[in-house]
Every structure is written in structure tokens, then in C-alpha cells.
Amino acid sequence: MENYYPYAVVETNVDPKFLKYNLKIINATTGKILNDIDARVKPNVDYDLLKISSELYKTQTMKISFSEKNIEDLKDCVIIFDLFRLSSSGVKSKVVNTYYIHNTLEQFDEKKFKNVAVDKVRYFEKKIKTQVVIDQTTSNTFDLILRSSRIFQCIDPECRPGEPKDPFSKARIEAGLQSRLNEPFPDQKYTSLCGPAAFFFCLINLAPSKYKLTVKQLWEAGQTKIGELSIQPSQDGCRCVKNFYNATDGSLQISPIDWITLASLRESENTSLKLNDPTQEVAGITLWSEMYDWFKKSGFKIEKEFPFKPLGYNDISVAGINRYAGSNYYVVTLISATILDSGASSGTSIIPDHWIVWTDKLRLTNGSIVNEITDPAAEVRLKLFSWGENRQSIREKTSLSNLAKKVFYALIIKKENF
């Protein structure tokens, strides 16, 4: 069991006896509130702030536990804070509304939580003659506008707008957006949307403001543009989704925030296939020519393209790709997923079936960088983005030669804001 101890810090010039707060942790994917194991902080209950120093206060520290089974849910969790101002007569007004703390839950682990650089919530007042007015208050950098008719809907039982399992509610999408900004790893989960996941991984990390605007415009209007890349999913496609929950265990097939972005991009490029079910495979597949167009049209700097080779690359070619990998470039690659230590694949090593992004150089087990004179039989390691994670993901005992045969295409993306 892994324990985490989140809290919030408030900076204010108001006497704390006139302030109350709510603090809660929400899984942005499922919408469920996580319980404080020690029950010191309960959701939707008002509490007094604790003094740290002059004009600086903190909340009670919560205790949130994750088992090994559900530790992957950690990246989807967000910390939500509300602040209330009491008048001299005791009337309560909300002055900070549903603020998403810009810290990940992971930062509050057992060893580090006392020394976290916590995102401060600021609330200041000033007096103009005899009137007290708000001088400064922290607010979210985004806010979705609810239209009279919802753009994205799930048509499964109890999942339509306003129903208990509605995955696309305003609150769920705002929380999901913050979770992706905190942990910039879109997750295709059980879908075939690895291509869009690779694209949006690069977008979140290199142009987070464009990612925020993309989510906002898709949720509010059902269409958006990133540079010259038009994303306009069909009304009877991914905007009206079915089978969003797994029939066996009731879990989500994909996070709502990732469905809105990944499925919208994928379906916009389909000429005839509708993508209205996360279990569809063919409608979610991305070709290398489409991947190139997405990056080109949206404004990324493409440094180099390594062409598609149906029989895979050799060790010398992969060493050439590796020259670009590292701190200055992302390497977006089409591979056979059989070389990965987790996730699904087509089951055959000769078919390209998965998109990944290299986030470091290809290395030997001793950490040395692979180059043109590396022994093709040497075992290799690679830190990469795939399936919502950024880690070393190559199967043990995978040689350079074996890995090279399962690399079919590569696109070198310059790491620069745009």
C-alpha cells in the first residue's frame, strides 16, 4: 500500500476566523471522490485554516492510500480546493471556487510531502472607504462554458447528460484537463488510439496552452484548429459514443478527457468510418502519412522523417535515429508492440501496430548510448511514452538487432514551444 499526504496552502490578509475551506481529491477519469483514510478531512465539509506564519496558512493533511492494483489511477487524480468568506454576521460566500491545485498527488508521497513546493491559493482584500472588496484571488487558467446542448454524449444507460454515470460532465472534463496538465501522459487504455496519443503527448508537453484551447473548443463547440490542422468529429461519431464502460467490470474503456481529444482527432481524418465505440479497432488506426500531416499542419518543427520500411529497419539505421533522441527531440515511432513489456499488440512481430514516443536515447543495459558500432546482439533499453506512461518499456533480453526489425517508421520532432 502506497500512502500520500496532500494538503493546500493559502496566502491571505484576511483574519482566518472569517475563512473556511473544503478540500477533496477526485479521480478525474471516474469522477469518484477519494476518502481520507484518517477522516480528518471529509468532502464538502467546512474546516478552519491552520496558521504557518504571517498571512500564510494550510489545510489539514489528508491521507490517501493506493494499493498496487490501483496505483495507475494516481496520475488521474486532482486536488480541488474551495475557500469561503464569512461576513461579520456569519453569512458565507464562496470566494475561491473549485480551484485545481497545480500539484500532482504523487508529489505528496510519504517521503516528500512535508517539503513540497505547494501551489499557493491567494486571496487578498482591501478596504475602499468602509467597503471591503476583493483585491486578488487565485482562479483556474481555464473554464468551460456549458452550452444548452451538450456536444459530447454517452448513450449508454445512466450515462446521458445529467445522469449518474455521465462521463462528459463539465466537472469531469475540467478535472480531467487539470490531471493531464499535471501528468502530461494521454492514455489510450483499451482503444486503438495510440497514434493520437503520441501526437497529443507532444502537444501537451510542448504547447500546453494549445492543448487547453483544443479541449475547451472541442467540448464547447465540437470543433477546433491547431495551426492548419482541423479537428471536426462527426455528430453521429465520437460525439455520440456507446459502450463507454466495460460490460464486465464497469470500468471506463478510456478517460473522458482522452476520448474527446484522441477520438476527435482520429475520426476527423477518417473518410467514411465513424468512431463511436471505444472497442472499434480499424476506425482508430493511424497511418504514418497521417501522422506526418498532423505534426506538419499543426505547427511542430519536423527535423527529419525516416521513411516507412515494411520489413523494418536494421541496427545501423536505428543508430542513426538514435542520434536525434534525447533532450532536443522527440522520436515518434511506428513499431511492433511485441517489443514492449506491457500493453496489447496484434500478436505478430512483423506487423507495425503501435505508436510510441522516445523520450531518451536508446541505451545498453549499462547506460551506454547505442551507436553505429554497437554490437547488434547487445541487449537494449529505451525510455519511451506509451500506454499513458513514460518509462523504460522494452522487454528484457531484447537485442538491438531484434528491436531494429520491429521499427518501421520514425518522425523527429524538435522540442520547442510553438
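Computed quantities for the displayed model
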| item | result |
| --- | --- |
| All positions within segment 299-334 that are assigned to a strand (DSSP E or B) and either over 16 Å from Lys361 (Cβ atoms) or at pLDDT below 95 (or both) | Ile302, Glu305, Leu334 |
| Which listed residue, of Ser192, Ser234, Ser230, is of a type in the set (Ser, Thr, Tyr), more than 15 Å from the chain's Cα centre (by Cα) and outside any loop (DSSP other than H, G, I, E, B) | Ser230 |
| Qualifying residue in segment 305-315 (condition: surrounded by fewer than 17 Cβ atoms within 10 Å (Cβ to Cβ), over 27 Å from Ser401 (Cβ atoms) and either not assigned by TED's automatic domain parsing to the domain that holds Asn70 or not polar (S, T, N, Q) (or both)) | no |
| Residue check for Ser342: outside the structural domain of Cys194 (by TED's automatic domain parsing), closer than 13 Å to Ile412 by Cα and at pLDDT below 95 | no |
| Members of segment 35-47 found to be on the phi < 0 side of the Ramachandran plot, surrounded by fewer than 21 Cβ atoms within 10 Å (Cβ to Cβ) and aliphatic (A, V, I, L, M), listed by number | Ile37, Val45 |
| Scan of segment 9-21 for residues that are buried (at least 20 other Cβ atoms within 10 Å of the Cβ) and not aliphatic (A, V, I, L, M), ordered by number | Thr12, Tyr21 |
| Tally of residues being assigned to a strand (DSSP E or B) and farther than 12 Å from Val407 by Cβ across segment 347-385 | 8 |
| Residue within segment 372-380 that is surrounded by fewer than 16 Cβ atoms within 10 Å (Cβ to Cβ), more than 25 Å from Ser192 (Cα to Cα), β-branched (Val, Ile, Thr) and touching a residue at least 12 places away in the same chain (Cβ under 8 Å) present | no |
| Sole exception among (1) touching a Ser or Thr at 6+ places or on another chain (Cβ under 7 Å); (2) of a type in the set (A, V, I, L, M, F, W, C); (3) at negative phi for Trp387, by number | (3) |
| Condition check for Glu163: surrounded by 22 or more Cβ atoms within 10 Å (Cβ to Cβ), at pLDDT below 95 and not aromatic (Phe, Trp, Tyr) | no |
| From Ser65, Ser54, residue being of a type in the set (Gly, Ala, Ser), surrounded by fewer than 20 Cβ atoms within 10 Å (Cβ to Cβ) and over 18 Å from Cys77 (Cα atoms) | Ser54 |
| Selection within segment 50-96 - touching a helix residue (DSSP H, G or I) at 6+ places or on another chain (Cβ under 8 Å) and either charged (D, E, K, R) or within 25 Å of Asp143 (Cβ to Cβ) (or both) | Lys51, Lys75, Asp76, Cys77, Val78, Ile79, Ile80, Arg85 |
| Residue list for segment 270-283, filter: in a helix (DSSP H, G or I) and over 12 Å from Gly237 (Cα atoms) | Val282 |
| Hey, Ile71 within 30 Å of Trp387 (Cβ to Cβ) and modelled with pLDDT of 95 or more or not | no |
| Test: residue in segment 81-97 that is under 30 Å from Gln188 (Cα atoms), out of contact with any Gly (no Cβ under 9 Å at 6 or more places or on another chain) and not acidic (Asp, Glu) | yes |
| Asp82 part of a helix (DSSP H, G or I) and buried (at least 16 other Cβ atoms within 10 Å of the Cβ) | no |
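The values are calculated or read from the model by the stated rules, or taken from the named source; none is laboratory data. Predicted model, so just to flag it, every value in this text is computed and none were measured. Quick reminder, even Gly has a Cβ in these numbers, built from the backbone with ideal geometry, and neighbours come from all protein chains shown.
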